[in-house]
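The values are calculated or read from the model by the stated rules, or taken from the named source; none is laboratory data. What you are looking at is a predicted structure, and each value in this text was computed from that prediction instead of being measured. So basically every Cβ, Gly included, is an ideal-geometry build from the backbone, and we count neighbours across all protein chains shown.
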There are 2 protein chains.
Amino acid sequence: MTKNAVTLLPEWTNAGMDAGRMGLGENHLKHLIRLPDRLKKFSRRGAGIFYDFSRQRLDDECFRSLINLAQARGIRQRFRDMMAGEIVNTTENRAALHTATRSFSDDPVMTAGPGNTGGTARTDIMPEIRRIRAEIRNFSADVHNGNIRTAAGKQFTDAVVIGIGGSYLGTEFAATALACWADKGIRLHFLSNVDIDNFGAIVRTVPADTTLWIVISKSYTTAETLANLNQVRGFLAENGLEEKNHVVTVTSKGSPGDDPANPVLRSFHMFDFIGGRYSVTSAVGGVPLALYLGYDQFERFLKGAEEMDNHAATAPDAENLPLIAALVSIWNNNFLGYPAQGLIPYASALSKLPAHIQQLSMESNGKSVTLDGSALAVSSGSIIFGEPGTNAQHSFFQLAHQGRPFPIEFIGVATPCYDTYTRTSKGVTNHQELWANLMAQAQALAEGKTDDNPAKCFTGNRPSSTLILQDLSPENIGRLLAFYEAKTVFEAFIWGINPFDQYGVELGKTMAGDIRNEIAEKNKNPGYQFDNRDPIRKCYLDILFDKKP
Amino acid sequence: MTKNAVTLLPEWTNAGMDAGRMGLGENHLKHLIRLPDRLKKFSRRGAGIFYDFSRQRLDDECFRSLINLAQARGIRQRFRDMMAGEIVNTTENRAALHTATRSFSDDPVMTAGPGNTGGTARTDIMPEIRRIRAEIRNFSADVHNGNIRTAAGKQFTDAVVIGIGGSYLGTEFAATALACWADKGIRLHFLSNVDIDNFGAIVRTVPADTTLWIVISKSYTTAETLANLNQVRGFLAENGLEEKNHVVTVTSKGSPGDDPANPVLRSFHMFDFIGGRYSVTSAVGGVPLALYLGYDQFERFLKGAEEMDNHAATAPDAENLPLIAALVSIWNNNFLGYPAQGLIPYASALSKLPAHIQQLSMESNGKSVTLDGSALAVSSGSIIFGEPGTNAQHSFFQLAHQGRPFPIEFIGVATPCYDTYTRTSKGVTNHQELWANLMAQAQALAEGKTDDNPAKCFTGNRPSSTLILQDLSPENIGRLLAFYEAKTVFEAFIWGINPFDQYGVELGKTMAGDIRNEIAEKNKNPGYQFDNRDPIRKCYLDILFDKKP
């Protein structure tokens, strides 16, 4: 452990003592939520969102200890440093400037960036970001109004995003959340997995002659994306179509996807100072979302994210929604010992949020090493999972109520998209029924219930937060996205880890490369015998080639 | 605790001592997997599936202790009792006969069933099950060949399943897994969530005049399902269509959905001795799957499940795939202390498997009380979550490799559906690339890697199992489904809990009912003031009615 370890801070020790007190029966949530001013004290409004943590297992002193911890770590200053272009991704010697992609301020954002790290010279990245935004606006408008057409003169009807992980999940989340705004005549699809059945299902769905393929890869070397692109090349060739008319790339300047020798319809740039899982508001999300929703809706989405960024950077710690949410998360994780967290949006449109936040949080904070290379003294990163409510109630909430406890973050939306369907059942609309369930679950988890029949007892004292959006507007989806991004980096800043690298994915890639080479060898030379010094590996390779387990 | 507690068994104590030994450095997985015969000893083939648990943290003695535990609990006999119609769902005084729905044996299955529980009289349920299967076969054939048409004489093109939880997830899993077999000209959709946006999105998608609505609810009182049906009634009326031509029900005999006074196109029966989460092979899955895939494919699916049931009932404990998988799960959960489990299918077609198994496992085994009503001495139920590989690698696997460890169950498929796309990248096909990654992940998690840079170190010793299917045939999907069902009940039999009830969902329903009543009151009487004795409840009700947070 290092002298910078968060666990050595007196503020950490204090929080630990508070946590011990919360185990007492008198601090059961069923009592806490009945205290006067409970909701007033433990809820906040900011950047258009209402955040209620009154049903978390904490009291005034716990909250004060946590805020003290945040202040001792100076996490809001670090957030501002991040927004200002400091090299916060130290292991990769990079800034982390996803916030710049949604800045509409006239202020410059100066960063050194790689290739420039030897000196102190810094350049303003905003002109480049504005240029790319304008390119996205013009390109999407040209596709929509028919200025850009296929070689045969047809308008495009479908767009397929070819990308994986950070080049996929965030865009899928935003596109699903905003689907009721999609009125541009473009259907959006995602080809992410290298599984050939993913490709097979897509090409069975889209019309070859009016489909745009949007290839998203920073390095343009991602194995899955390149393998899928390779299949698409075959598909285009079979249909007498050309890459230069049907492929768009989002990639780093000068990558193999941005090479004039291999012409494509259009190439948009992404930057190495924006990590994949934080890239939805860059061209990564911008190109597909502007095609699907129109650029204006995409810009509204950016502006919502910008508003939350500014809230995260400037609202005082005790009024700062994502900062408080990060503290609550660490409280549950390290002080109360919950290893997992449920994320349950009471909105079908947010069905892809859990998968995106699962990636954002677990890839950012699933680390064991602090910034100075020493071992982290506590567990970082929670297992995040979830499904929309009320569906989740009919699925795994049995365990949430009577099995192993885990904290839950509920999300509610005050007004649905389709509020014209007002037929009532049992005196309430569907939306009101949904809302009644959202309210009831948090209450039931907190209060519990005694019963003579042990199978019908509920221990209660199960914590949750609730986050409320006004509606599913592009601004609100942007705010929600930026809320979770800020929450994630605030957590990392408290732990003292780097939320922007992902070395943990490298070992599997290396090993897959070794295995790929052996498979390629066998493809070339069918007489090749797999090495039987590793019988497990040999067994699986034999299954692959014999096509039977 | 009771004298029947599993933790009082000497076999449990022995396993606990084995677990202590597994913490020694010499038992790190990187050593274990290099032992001669490791794979041979710790893998099994049965009912068409290859199950490899060689990368679980156990050795010969651990395995022997676990098998002894299974034998001490007599779990295979309990499984046979279950299949024979014993009242294994004791809290609800019911049998659990999902296995009967896929029995093609001529043998009777005698059960008392409710309403008959006073005496010993039992009846054979197989004639009724065969009758319903024949109804499904005839009905789906009639829809496909046009004998059953709309009132205007058109053939049906779309079917929407209205159901939630157990009436939804299993069917969605099977339909997604078998989508490449769907050649009957019927598109299948799911309307589950009470969220009006779920309904709004569906009605924007389907053609009113050629859509069948399949309403699935055992009691026909499920709030979400009835609220959605109510919206559908409005939609049909607006389009001049009638329930008797467009609605099919799957419900209990004599329920409000099976009432001649309210005619529907066809009503299929389900039984109270089949729990929702185990009901995919009954009419619940049968009606939509036969419409989507054709009855013949559905019957192949049933036969695969039957084969696995018979394997689970008859294969000796140490050769019994789902039984061993249940032991491994309990080993990881209670002896090695992992609270969660990842389920990662390397097959896009299995993308809905994690959500179905999440429900199956967490709703069945998320319990705190044993069969005799005493408190369970250990945690039962794991948190189950997952996404398809390789997608998951690019999402949350950072945490799997370098953060909080959790065991993983990988699933591979030897032959994909779309194996005609044989273009290669880096010398391998997409399917081979997928396979290389499946192999590499399990190896990397087990072995780990040291490095001078602490951020690039991998501790390894992270356990996984791998399950291999030959292909995505209906039989194999049936086998896979029945594997997880059997695994789930075997776990419950070891813990001594009832995997067939779900009292944990009741409290939230009751509270939602109270809140619904208050909302309905306000709808009737806009002057109604919400009670401010509970400021949290009042706050949320005000948000709902003011439409702003």
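Some observations on this one:
- Residues located in the stretch A:290-339, provided they are more than 20 Å from A:Gln56 (Cβ to Cβ), in contact with a Pro (Cβ under 9 Å, 6 or more places away or on another chain) and aliphatic (A, V, I, L, M): A:Leu293, A:Leu302, A:Met308
- Residue list for the stretch B:391-411, restricted to those being more than 8 Å from chain A (Cβ to nearest Cβ) and in contact with a Ser or Thr (Cβ under 7 Å, 6 or more places away or on another chain): B:Pro407, B:Ile408, B:Glu409, B:Phe410
- Of all residues in the stretch A:23-42, none satisfies the criterion of being within 14 Å of A:Asp60 (Cβ to Cβ) and of a type in the set (Gly, Ala, Ser).
- Given (1) at pLDDT 95 or above; (2) closer than 24 Å to A:Gly85 by Cβ, index of the condition A:Asn334 fails: (2)
- Each residue in the stretch A:461-502 was checked for being away from chain B (no Cβ under 13 Å) and free of Cβ contacts under 8 Å to residues at least 60 places away in the same chain, and 0 of them qualify.
- For B:Pro405, the conditions (1) within 22 Å of the chain's Cα centre (by Cα); (2) in a loop (DSSP other than H, G, I, E, B); (3) closer than 30 Å to B:Ala455 by Cβ all hold with the exception of (1).
- Residues within the stretch B:8-46 that are of a type outside the set (D, E, K, R), surrounded by 18 or more Cβ atoms within 10 Å (Cβ to Cβ) and either more than 18 Å from B:Ile330 (Cβ to Cβ) or in contact with a helix residue (DSSP H, G or I) (Cβ under 6 Å, 6 or more places away or on another chain) (or both), tallied: 10
- Residue within the stretch A:378-391 that is out of contact with any strand residue (DSSP E or B) (no Cβ under 9 Å at 6 or more places or on another chain), buried (at least 22 other Cβ atoms within 10 Å of the Cβ) and at positive phi present: yes
- The condition of being in contact with a Cys (Cβ under 9 Å, 6 or more places away or on another chain) and either surrounded by 18 or more Cβ atoms within 10 Å (Cβ to Cβ) or not assigned by TED's automatic domain parsing to the domain that holds A:Ala440 (or both) does not hold for A:Ala5.
- Residues in the stretch A:463-501 that are farther than 24 Å from A:Gln441 by Cα and of a type in the set (S, T, N, Q): 3 in all.
- The stretch A:412-426, residues that are surrounded by 24 or more Cβ atoms within 10 Å (Cβ to Cβ) and at the interface with another protein chain (Cβ under 7 Å from one of its Cβ atoms): A:Pro416
- Residue list for the stretch B:8-50, filter: within 18 Å of B:Ile494 (Cβ to Cβ) and in contact with a Leu (Cβ under 9 Å, 6 or more places away or on another chain): B:Leu9, B:Glu11, B:Trp12, B:Asn14, B:Ala15, B:Asp18, B:Ala19
- Residues (more than 33 Å from the chain's Cα centre (by Cα) and assigned to a helix (DSSP H, G or I)) located in the stretch B:18-27: B:Arg21, B:Gly25, B:Glu26, B:Asn27
- Applying the condition of being of a type in the set (A, V, I, L, M, F, W, C) and more than 7 Å from every other protein chain (Cβ to nearest Cβ) to the stretch B:427-460 and asking which residue is nearest to A:Glu92 (Cα to Cα) yields B:Cys457.
- Residue identified as over 17 Å from the mean Cα position of the chain (by Cα), in a helix (DSSP H, G or I) and not hydroxyl-bearing (Ser, Thr, Tyr) among A:Ala201, A:Ala175: A:Ala201
- For the residues A:Thr249, A:Thr221, the requirement of being part of a loop (DSSP other than H, G, I, E, B) and under 28 Å from A:Arg516 (Cα atoms) singles out A:Thr221.
- Test: residue in the stretch A:487-499 that is among the aromatic types (Phe, Trp, Tyr) and over 30 Å from A:Arg404 (Cβ atoms): no
- The residue that is nearest to B:Gly20 (Cα to Cα), counting only those in the stretch B:342-361 that are assigned to a strand (DSSP E or B) and more than 10 Å from chain A (Cβ to nearest Cβ), is B:Leu343.
- The set of residues in the stretch A:141-172 being touching a residue at least 12 places away in the same chain (Cβ under 8 Å), among the charged types (D, E, K, R) and assigned to a loop (DSSP other than H, G, I, E, B) consists of A:Lys154 alone.
- Among (1) closer than 23 Å to A:Phe104 by Cα; (2) in the same structural domain as A:Lys184 (by TED's automatic domain parsing); (3) surrounded by fewer than 19 Cβ atoms within 10 Å (Cβ to Cβ) - the single one A:Lys303 does not satisfy: (2)
- For the stretch A:370-389, a tally of residues being within 7 Å of another protein chain (Cβ to nearest Cβ) and at pLDDT 95 or above returns 4.
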